[in-house]
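Encoded as structure tokens, the structure appears first; notes follow it.
Read-outs throughout are calculated quantities, based only on the coordinates presented, and are distinct from any laboratory measurement. These figures come from a predicted structure and were not determined experimentally. Quick reminder, even Gly has a Cβ in these numbers, built from the backbone with ideal geometry, and neighbours come from all protein chains shown.
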Amino acid sequence: MKDDGVLFHAKHAYMPNFLGYCGPDDRGRILEDLQDHRKDEALVSTLRQFEAAFPFLRLIARSTGRDVFDYSVPEAYWIGNGLLERVPKEDFYNFSHRELRGKDPREVRKAFKGAGRTAIPHHTFYVMSTYATSSVADGPSLSNTGAKKVTSLMDDCRISWGKVRRVDGKALLVEYSPVELVDGSIGFGKPRTKRVAYDSAVRPFGEVKKGDEVSMHWNFACEVLTERQVRNLSRFTSQDIDATNRILGSYSRRG
Amino acid sequence: MCIARVGKVVSMDGGKAEVEFFDGRSLDRVDVSMVGASKGSYVEVFGNLALSQLTPGEARRRRSAWTEIRRAAAAP
């Protein structure tokens, strides 16, 4: 097992677990391990209990011949890299039916029918397609009156990224491009700044500085990204947006 | 990482609800305003937002699937 992959995964899984949205009910534990830079079997066991994230890692690892916590595997899932394109679409489709069994099979079919070959096992695609295919009283979530609410949550739930403008106590002021809904389609809005929490005890945030690019999940700064990772996250997020718009378009074509 | 979870609304406070999920855990301040849920309703929750309301039969079916996914996640 490549240890860095465990911590990289934990950094991105921490905040939704802390908020109670997924994973086991021991909310402070992951952060303690991150602060201590401790990557032991107990942390691995905790991470294995995430009902969606861990099965996605298993899929990517199985399809590409990697260890599930090889750094490249969680990196593919959260950020995006070339491994995503090596996961056969049929594997992803079958996985979504058989291993993501908490999901409604009708929603899975809608997502794949709409997105076609642009569907990838990337966290942001999972987030956006779930919001786009869940039915409410008057149709897909993104075309109803709750659209602003949905896109705001989608923006918090995806992995976003931005440039640090100021390091301010326990928060970073980050400039980033939000995901917004315009005329029934989602896309990137104008850049703006927002404050996100971070923990200076989690490496390498003790040395985070103005100009660094960071990944963010639920308004928590997860990792300082390399230029390659920023390019990949931008590229694969754009692909996810395109896929989601195809899903939304498939509703409107159906009338 | 979030997952879409199905649970039952056990109390309401305006447009916010406490939802009890099938694994016994609960989440308060779930926004149910988009789905018009009330106490006793079954809802699908993603993050802290209810995206859809389910019939009791559909909820039972999803509960069964949820049990399987928990079992699979716990497997070595």
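Key figures for this structure:
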read-out: A:Leu233 vs. criteria without any contact (Cβ under 8 Å) to a residue 24 or more places away in the chain and in a helix (DSSP H, G or I); value: no
read-out: Test set (1) away from chain B (no Cβ under 14 Å); (2) surrounded by fewer than 23 Cβ atoms within 10 Å (Cβ to Cβ); (3) closer than 24 Å to A:Arg228 by Cβ; (4) touching a helix residue (DSSP H, G or I) at 6+ places or on another chain (Cβ under 8 Å) - A:Gly80 fails condition number; value: (2)
read-out: Residue match in the stretch A:114-127 (condition: surrounded by fewer than 19 Cβ atoms within 10 Å (Cβ to Cβ) and either in a loop (DSSP other than H, G, I, E, B) or within 12 Å of chain B (Cβ to nearest Cβ) (or both)); value: no
read-out: Flag for A:Ala111 being of a type in the set (A, V, I, L, M), more than 9 Å from every other protein chain (Cβ to nearest Cβ) and surrounded by 21 or more Cβ atoms within 10 Å (Cβ to Cβ); value: yes
read-out: Strands (runs of 3 or more DSSP E) contained in the stretch B:1-52 and holding at least 2 residues within 9 Å of another protein chain (Cβ to nearest Cβ); value: B:5-13, B:26-31, B:42-46
read-out: Any chance A:Gly249 is closer than 22 Å to B:Ser52 by Cβ, small (Gly, Ala, Ser) and surrounded by fewer than 16 Cβ atoms within 10 Å (Cβ to Cβ); value: yes
read-out: A:Val179 over 18 Å from A:Asn245 (Cα atoms) and buried (at least 16 other Cβ atoms within 10 Å of the Cβ); value: no
read-out: Residues that are assigned to a strand (DSSP E or B) and surrounded by fewer than 16 Cβ atoms within 10 Å (Cβ to Cβ), drawn from the stretch A:189-223; value: A:Arg192, A:Thr193, A:Arg195, A:Ala197
